[in-house]
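What follows is a short report on a single structure.
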Amino acid sequence: MDVPVIELSGVLKSFGPVDVLKGVDFKAYGGKVTALVGDNGAGKSTLIKGLSGVQPYDAGVVKFDGEVVHIHSPRQAGHLGIEVVYQDLALCENLDIVQNMFLGREEITELTLDEASMELQATKALQSLSVRTVKSVRQKVSSLSGGQRQTVAIARSVLRKAKLVILDEPTAALGVAQTEQVLNLVRRLADSGVAVVIISHNLGDVFKVCDYISVLYLGKMVASVKTSETTQADVVGYITGTKSMDGASA
Amino acid sequence: MSDVKISSGHEGNVRDQVTAYFQRIKNGEMGALPAVGALVVVGALFSILSPFFLTKLNFANLFVQAAELTMLAVALVFVILLGEIDLSAGVTAGVAMAGFFLLLHGGTNWIVALVVAFVIGGAIGALIGFFVARIGVPSFVVTLGLFLGFQGLQLVMLGEGGIFRIDVPEIKSIMNDNLPTWGGWVFLALMLVLSAAVSFWDRARRARHDLSNRPIELLYAKLAVFAILGGTTVYLLNENRSQGFASISGVPIVIPIAVLILFIGTLVLDRTQFGRHLYAVGGNAEAARRAGIKVANIRITAFIICSMLAVVSGLFHVSRLGAVEATAGRQIVLNGVAAAVVGGVSLFGGRGRLVHAAIGAFVIVMIENGLGLLEFPAGVNLVVTGSVLILAATIDALSRKRGNGARS
Ligand SMILES: Nc1ncnc2c1ncn2[C@@H]1O[C@H](COP(=O)(O)OP(=O)(O)OP(=O)(O)O)[C@@H](O)[C@H]1O
Ligand SMILES: [Mg+2]
């Protein structure tokens, strides 16, 4: 197996007396989709916030492409090539798709916004993900469905040439058809070489699209398995703490 | 993979474009349409009801009367787009103009005094922005406080009930003098060339990236409409509108000033990074922040622009009166907010353009002017204007609902 895009070892994080992450190890590989699952309060969001630079870890080693890095700000994470698609997506409804995809990184030529160049790149990014559901790149986001919005948010990370894309519950608010579309999109994103991490409570989705599954239980990584080598029942066991990696049921 | 076709809205022939336009309206993106409709209806109504409404003299009066309100409404758009408000814009202009008078009175050169007046305006805007963006006081409260405080400051600066003449011919001529006949035509030609140049420049950029362009006929049609409307306006204003012996004709000097400010302001909002970020912050401040936009700086800058453009409005006021008053700017600010909203600028933030505010200002001024000609008492004017405002805000709220309804 080649070098993981991201490799965490012994990550610790506490809020005052509360230890939320208690020595977590985690890996995600380029071209693969890794699920991060666990019950409410297991520490998934806290783990992600450390990677996105929003809330740095207290201790532990973070390797990016095999190099030890220290991520202290979102900007730094962005420079490394880490993009997080938050659950609330953070899109501006009053702006169109192109404007949202380039928000904060607008291209300027001749002192003004280079709309043509941005439109072209946005279109290419959507095409590279074989997005078919978006009619026009100049549509306002307010007119898009939940799945289309998710698509725009994911395509934005493509545009930024991210190496690691983390999606926080990307299908939580979506219906069957749109969930399907977003999962396909996630697959294509990974196929383009990006390391994708999905946080999800929906094991059906996880088994459909993920190559690896990592399970957090009360701040510890209790299992990291290949999807093809495990079952939903086992994963439910890891999540609820009735089963551990050595196979012994508690 | 790149066989997937994603359009940009620029494709298709004239008919496709027209269909798409109606589709957008149906989806609630009405823009200035209701306000333009109101303008036409109100104009037609008064033309029928009053023989004085559609005269050359009144036509020119409308423009001059609308100038102050238009400028103030345009100023307010910069903060309304953020979902903020500046209730003190009128009295801020009043304070700046009081400062202008005191400097003149003390013997300062009028240009220097005017520059200082704008600096005062900018400083007040920065102060408001600081309270709103850095400390987190709601703009409604900060500017309500200043609205009260600056009324007092004006009185302190100028004395109770003071009206003081300003004897600077250059200032007075803004609202009271006209361009020579040829000047109006040259200005119209200049604006047409500028707006054509901007459009062709855009098309060239798109073509360079192999992106489709809208049918060129649409651009010609747009320019033709501008030329006809502008040409008619300049023609009518160039006719003698005097009812006495001395002839009065020409485009009032204030018009090119206001149009240029509108044009530049629109370029800033549509084509600069600042403009894009202003809309983004107004649409979703949290999204803007996560995208790395310095939200506080955008807010402060918007308040500075608002206050400085309000000073322009105050300058127009002083020019028209030829005097500085201690009570200036109290009434006009609410009309300014009303003008922006009537024109289709959303108080929720993120939606609206400068030209909307200008159209809204014309609707309000027309109502005031027309009802005045029909000799209705002032009370009726307030009731009608208030009703129009509520109607406009209702359309805004409804179209917002419809826009959101498109999510599934
Ligand atoms: N800023 C904070 N201060 C104190 N405690 C916190 C803070 N952030 C998170 N926690 C605690 O850390 C634990 C893990 O929270 P986290 O949000 O990472 O869980 P999660 O796995 O994302 O859960 P969910 O599935 O509900 O999103 C919880 O018990 C939470 O209360
Ligand atoms: Mg969470």
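Considering each residue of the range B:120-143, count those that are open to solvent by less than 70 Å² (accessible area, probe 1.4 Å) and under 22 Å from the mean Cα position of the chain (by Cα), and give that number. Residues meeting the conditions: 11.
A:Thr123 meets the stated requirement of being at the interface with chain B (Cβ under 7 Å from one of its Cβ atoms), over 28 Å from A:Ser73 (Cα atoms) and open to solvent by 10 Å² or more (accessible area, probe 1.4 Å). With respect to the conditions (1) more than 16 Å from ligand 2 (Cβ to nearest atom); (2) more than 14 Å from chain B (Cβ to nearest Cβ); (3) in contact with a helix residue (DSSP H, G or I) (Cβ under 6 Å, 6 or more places away or on another chain), A:Lys27 lacks only one, and its number is (3). Selection within the range B:98-119: residues that are in contact (Cβ under 8 Å) with a residue 60 or more places away in the chain and over 14 Å from B:Met157 (Cα atoms). The member of this set that is least open to solvent (accessible area, probe 1.4 Å) is B:Leu114.
In the range A:191-232, of all residues being among the acidic types (Asp, Glu) and in contact with a helix residue (DSSP H, G or I) (Cβ under 8 Å, 6 or more places away or on another chain), the one that is farthest from A:Thr179 (Cα to Cα) corresponds to A:Asp211. Looking at B:Asp177, B:Asp86, which is the one that is open to solvent by less than 20 Å² (accessible area, probe 1.4 Å) and touching a residue at least 60 places away in the same chain (Cβ under 8 Å)? That would be B:Asp86, the only listed residue that is open to solvent by less than 20 Å² (accessible area, probe 1.4 Å) and touching a residue at least 60 places away in the same chain (Cβ under 8 Å).
The set of residues in the range B:249-262 being crowded, with 16+ Cβ neighbours inside 10 Å and among the hydrophobic types (A, V, I, L, M, F, W, C) consists of B:Val251, B:Ile253, B:Val254, B:Ile255, B:Ile257, B:Ala258, B:Val259, B:Ile261, B:Leu262. Of the candidates B:Val18, B:Val79, the single residue that is open to solvent by 50 Å² or more (accessible area, probe 1.4 Å) and away from chain A (no Cβ under 14 Å) is B:Val18. On the basis of being open to solvent by 40 Å² or more (accessible area, probe 1.4 Å) and at pLDDT 90 or above, does A:Leu113 make the cut? When the stated conditions are applied, A:Leu113 does not pass them. All conditions but one from (1) at pLDDT below 90; (2) open to solvent by 20 Å² or more (accessible area, probe 1.4 Å); (3) in contact with a Ser or Thr (Cβ under 7 Å, 6 or more places away or on another chain) apply to A:Ser136; the one that does not is (2). Within the set B:Val79, B:Val91, B:Val18, the sole residue that is part of a helix (DSSP H, G or I), of a type in the set (Val, Ile, Thr) and free of Cβ contacts under 8 Å to residues at least 60 places away in the same chain turns out to be B:Val18.
Counting only helices (runs of 4 or more DSSP H) that sit completely within the range B:200-316, those holding 2 or more residues that are of a type in the set (D, E, K, R), within 25 Å of the chain's Cα centre (by Cα) and within 14 Å of another protein chain (Cβ to nearest Cβ) correspond to B:254-271.
Yes or no, residue by residue, for (1) touching a Pro at 6+ places or on another chain (Cβ under 8 Å); (2) open to solvent by less than 30 Å² (accessible area, probe 1.4 Å); (3) on the phi > 0 side of the Ramachandran plot:
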residue: A:Pro4; (1), (2), (3): no, yes, no
residue: A:Val11; (1), (2), (3): no, yes, no
residue: A:Ser14; (1), (2), (3): no, no, no
residue: A:Asp25; (1), (2), (3): no, no, no
residue: A:Lys32; (1), (2), (3): no, no, no
residue: A:Asn40; (1), (2), (3): no, no, no
residue: A:Gly43; (1), (2), (3): no, yes, yes
residue: A:Gly53; (1), (2), (3): yes, yes, yes
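Just so you know, in the range A:155-211 the residues that are within 16 Å of ligand 1 (Cβ to nearest atom) and of a type in the set (D, E, K, R) include one that is most open to solvent (accessible area, probe 1.4 Å), and it is A:Glu169.
Entry remark, the range A:160-177: residues being within 12 Å of chain B (Cβ to nearest Cβ) and either β-branched (Val, Ile, Thr) or more than 16 Å from ligand 2 (Cβ to nearest atom) (or both) number 4 in total. Exactly one residue out of B:Arg351, B:Arg400, B:Arg320 is open to solvent by 50 Å² or more (accessible area, probe 1.4 Å) and modelled with pLDDT under 90, and it is B:Arg400. For the range A:68-92, a residue qualifies if it is more than 18 Å from A:Ser157 (Cα to Cα) and either facing chain B (nearest Cβ under 8 Å) or open to solvent by less than 20 Å² (accessible area, probe 1.4 Å) (or both), and exactly one does: A:Ile71. The set of residues in the range A:57-80 being of a type outside the set (A, V, I, L, M, F, W, C) and more than 17 Å from B:Arg290 (Cβ to Cβ) consists of A:Tyr57, A:Asp58, A:Gly60, A:Lys63, A:Asp65, A:Gly66, A:Glu67, A:His70.
Please count how many residues of the range A:30-52 are away from ligand 1 (no atom under 15 Å from the Cβ) and either within 14 Å of chain B (Cβ to nearest Cβ) or within 12 Å of the chain's Cα centre (by Cα) (or both). Qualifying residue count, the range A:30-52: 3.
Yes/no matrix, rows are residues, columns are (1) within 16 Å of ligand 2 (Cβ to nearest atom); (2) farther than 19 Å from A:Val206 by Cβ:
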| residue | (1), (2) |
| --- | --- |
| A:Asp19 | no, yes |
| A:Asp39 | yes, no |
| A:Thr46 | yes, yes |
| A:Gly66 | no, yes |
| A:Gly78 | no, yes |
| A:Gly81 | no, yes |
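Counted as qualifying within the range A:183-250 are the strands (runs of 3 or more DSSP E) with 3 or more residues that are within 27 Å of A:Phe15 (Cβ to Cβ) and within 16 Å of ligand 2 (Cβ to nearest atom), namely A:195-199, A:212-217. Taking first residues from the range B:146-171 that are of a type in the set (Phe, Trp, Tyr) and partners that are part of a helix (DSSP H, G or I), the Cβ contacts under 7 Å between residues at least 6 apart in sequence or on separate chains come to B:Phe147/B:Val91; B:Phe150/B:Val91; B:Phe150/B:Thr92; B:Phe150/B:Gly94; B:Phe150/B:Val95; B:Phe164/B:Phe101; B:Phe164/B:Leu158. Assuming A:Val98 fulfils every condition listed in (1) open to solvent by less than 10 Å² (accessible area, probe 1.4 Å); (2) under 25 Å from A:Gly204 (Cβ atoms); (3) away from ligand 1 (no atom under 16 Å from the Cβ) apart from one, which condition is it? Exception for A:Val98: condition (2).
Flag: B:Val36 does not match the condition of being buried (at least 21 other Cβ atoms within 10 Å of the Cβ) and touching a residue at least 12 places away in the same chain (Cβ under 8 Å). Kindly evaluate A:Gln139 against the criterion of being within 7 Å of chain B (Cβ to nearest Cβ) and over 27 Å from A:Gly50 (Cα atoms). Answer is no for this residue.
The values are calculated or read from the model by the stated rules, or taken from the named source; none is laboratory data. Computed from a predicted structure; not experimentally measured. Positions of Cβ are backbone-derived with ideal geometry, glycine not excepted, and every protein chain shown enters the neighbour counts. The area values use the complete protein model at the heavy-atom level, side chains included, leaving out ligands, DNA and RNA. Shrake-Rupley method; radii C 1.70, N 1.55, O 1.52, S 1.80 Å.
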